[in-house]
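Undergrad: Below is the structure I would like to discuss, written out as structure tokens.
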Amino acid sequence: MSVIRSEIPDVLVLEPKVFGDDRGFFFESFNERTFAEKTGVSARFVQDNHSRSARNVLRGLHYQIKQAQGKLVRVVAGEVFDVAVDLRKSSPTFGKWAGISLSAENKRMMWIPVGFAHGFLVLSDSADFLYKTTDYYAPEHERCILWNDPDIAIEWPLQREPTLAAKDKVGRRLKDADVFP
């Protein structure tokens, strides 16, 4: 596995070593020891999630203010533009974002540490999105930053207005949001 630091050094892009031939391919999608050695991150994952979304669905920008979650994300079918936004007030990259294409084809993963909001836009007809979390889902602590907050200015690769969940339509602006110290 190789590790690439994004524009925000704590957000990591992971490229697994893929073994392929005319039968197909094989790769380790997660190995705790290798993950810790290569990233310097010691994470205990407690929950795996799987979502399927249609083209142009935008999910996010989500985070939990308590029971904050680190996330290891990947796509097993289709393609998404995946985004992490730094919500750590004391960070030099507070309010900045990092984005990357994740797809079944490129097999890349992204590590999003605690203290970040997360979202993605589906670029293919549909996408199956898998992610591991370091804490359990706690709806009472869930928060949402507005996906198109002009202060963050994410450059989403949109062709038209995205399809949003009701909660994502009413996300808060960063300047009004609960953030991390």
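The values are calculated or read from the model by the stated rules, or taken from the named source; none is laboratory data. Predicted model only: the values in this text are computed from it and were never measured. All Cβ positions, even for glycine, are placed from backbone atoms using ideal geometry, and neighbour counts span all protein chains on display.
Undergrad: Which numbered condition trips up residue 28, out of (1) part of a loop (DSSP other than H, G, I, E, B); (2) in contact with a strand residue (DSSP E or B) (Cβ under 6 Å, 6 or more places away or on another chain)?
TA: (2)
Undergrad: Based on what the data block shows, is residue 38 more than 30 Å from residue 148 (Cα to Cα) and surrounded by 14 or more Cβ atoms within 10 Å (Cβ to Cβ)? Quick ask: steps written out before the conclusion?
TA: Working: more than 30 Å from residue 148 (Cα to Cα): yes; surrounded by 14 or more Cβ atoms within 10 Å (Cβ to Cβ): yes.
So residue 38 fits the description; yes.
Undergrad: If residue 60 satisfies all but one of (1) over 21 Å from residue 165 (Cβ atoms); (2) of a type outside the set (Phe, Trp, Tyr); (3) in contact with a helix residue (DSSP H, G or I) (Cβ under 9 Å, 6 or more places away or on another chain), what's the number of the condition it fails?
TA: (1)
This table checks each residue for (1) over 24 Å from residue 43 (Cβ atoms); (2) in contact with a helix residue (DSSP H, G or I) (Cβ under 7 Å, 6 or more places away or on another chain); (3) in contact (Cβ under 8 Å) with a residue 40 or more places away in the chain.
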{"site": "82", "(1), (2), (3)": "no, no, no"}
{"site": "96", "(1), (2), (3)": "no, no, yes"}
{"site": "120", "(1), (2), (3)": "no, no, yes"}
{"site": "124", "(1), (2), (3)": "yes, no, yes"}
{"site": "130", "(1), (2), (3)": "no, no, yes"}
{"site": "162", "(1), (2), (3)": "yes, no, yes"}
{"site": "169", "(1), (2), (3)": "yes, no, no"}
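Undergrad: Could you figure out which of (1) more than 17 Å from residue 134 (Cα to Cα); (2) within 16 Å of the chain's Cα centre (by Cα) isn't true of residue 69?
TA: Condition not satisfied by residue 69: (1).
Undergrad: Residue 127 is checked against (1) within 18 Å of residue 66 (Cα to Cα); (2) part of a strand (DSSP E or B); (3) more than 13 Å from the chain's Cα centre (by Cα) and fails just one. What number does that condition carry?
TA: For residue 127, the exception is condition (1).
Undergrad: If residue 151 meets every condition in (1) touching a Gly at 6+ places or on another chain (Cβ under 8 Å); (2) surrounded by fewer than 18 Cβ atoms within 10 Å (Cβ to Cβ); (3) touching a residue at least 60 places away in the same chain (Cβ under 8 Å) apart from one, which number is that one?
TA: Among (1) touching a Gly at 6+ places or on another chain (Cβ under 8 Å); (2) surrounded by fewer than 18 Cβ atoms within 10 Å (Cβ to Cβ); (3) touching a residue at least 60 places away in the same chain (Cβ under 8 Å), the lone unmet condition for residue 151 is (3).
Undergrad: Can you tell me which residue within segment 106-123, out of those that are closer than 20 Å to residue 156 by Cα and either among the β-branched types (Val, Ile, Thr) or surrounded by fewer than 18 Cβ atoms within 10 Å (Cβ to Cβ) (or both), is farthest from the chain's Cα centre (by Cα)?
TA: For segment 106-123, the residue satisfying everything is 106.
Undergrad: What pairs come out if I take residues in segment 48-59 that are at positive phi and pair them with residues that are at pLDDT 95 or above whose C-beta lies under 8 Å away, six or more apart or interchain?
TA: 56/121; 56/122; 56/158; 56/160; 56/162; 56/163
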